[in-house]
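Down below is the structure, laid out as structure tokens.
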Amino acid sequence: MKSDYNIADLLANRLKDARKSKGLSLEAMAKLSGVSRSMLSQIERGESSPTVATLWSLTRALQVDFAGLLDEDSGDSTIIEIMRARRTPTIDSTGEGCRIRILSSPDQAGRLEVYEIQFAVNGALVSEPHRQGCVEHLTVLAGTLSVTAGEDAAELSQDDTIRYAADRNHSIRAVGGPAKALLIVQNS
């Protein structure tokens, strides 16, 4: 992090830049995200810190990677990038009984997003449709998961993989115990 920025200022600037780069007004962003125009304005001015749920809504509406909002572009060209477990961004309040770790690189935001999802017993991640043509690839690492995409449903066990259209309502639910999965979101 740059020393002249605190996290709130950096986040405010990144959200505002992302909104403007998409050509969205505050009003349009409010409609897309479900976050009020006044709250968006306060967040962008650094007068209010968003909750994780609000931040999740904003990043989904902007189609940007949650982790990328706070990363600094160091400009170096190292071949290896290590993301230590303690610094891997997580989202704990998006679903019911699930924890999401953001594994994708910030430069892939909006194109290819990679997540590890840990589900508690009966945990679920229920999602609204993503952008047209979006496909999710889910591999079960442990446990059993039920996946629904639109009207279609499937139950998967450890090491099974499913691909489904994510431009419709979809959900992932743990069945009979805790579970863990790798989710790749591919935007066309």
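The values are calculated or read from the model by the stated rules, or taken from the named source; none is laboratory data. In this text the structure is predicted, and so the values were computed from the model without any measurement. In this analysis, Cβ positions are derived from the backbone assuming ideal geometry, glycine residues included, and neighbour counts consider all displayed protein chains.
For the range 25-46, give me each residue that is without any contact (Cβ under 8 Å) to a residue 12 or more places away in the chain and not hydroxyl-bearing (Ser, Thr, Tyr).
We begin by selecting, within the range 25-46, every residue without any contact (Cβ under 8 Å) to a residue 12 or more places away in the chain; these are 25, 27-28, 30-31, 36-38, 42.
Result: GLU27, ALA28, ALA30, LYS31, ARG37, GLN42.
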| Single residue of ARG173, ARG168 found to be modelled with pLDDT of 90 or more and either within 28 Å of ASN13 (Cβ to Cβ) or touching a Pro at 6+ places or on another chain (Cβ under 8 Å) (or both) | ARG168
| task | Could you tell me which residue of the range 36-55 is surrounded by the most Cβ atoms within 10 Å (Cβ to Cβ), considering only residues that are under 17 Å from ASN13 (Cβ atoms) and either β-branched (Val, Ile, Thr) or touching a Ser or Thr at 6+ places or on another chain (Cβ under 6 Å) (or both)? | result | ILE43
| Filtered residues of the range 156-174 (kept if part of a loop (DSSP other than H, G, I, E, B) and crowded, with 16+ Cβ neighbours inside 10 Å) | ALA166, ASP167, ARG168
| From the list VAL135, VAL126, which one is within 13 Å of GLN186 (Cα to Cα), assigned by TED's automatic domain parsing to the domain that holds ALA181, touching a strand residue (DSSP E or B) at 6+ places or on another chain (Cβ under 9 Å) and free of Cβ contacts under 8 Å to residues at least 60 places away in the same chain? | VAL135
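Among the residues of the range 135-150, count how many are part of a loop (DSSP other than H, G, I, E, B) and modelled with pLDDT of 95 or more.
Looking only at the range 135-150, we keep the residues that are part of a loop (DSSP other than H, G, I, E, B), and these are 143-144, 150.
Next, from what is left, pick out any that are modelled with pLDDT of 95 or more: 143-144.
Going through the range 135-150 one residue at a time, the tally reaches 2.
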| field | The one condition in (1) at pLDDT below 80; (2) closer than 21 Å to SER171 by Cβ; (3) not assigned by TED's automatic domain parsing to the domain that holds SER36 that ALA53 fails to fulfil | value | (3)
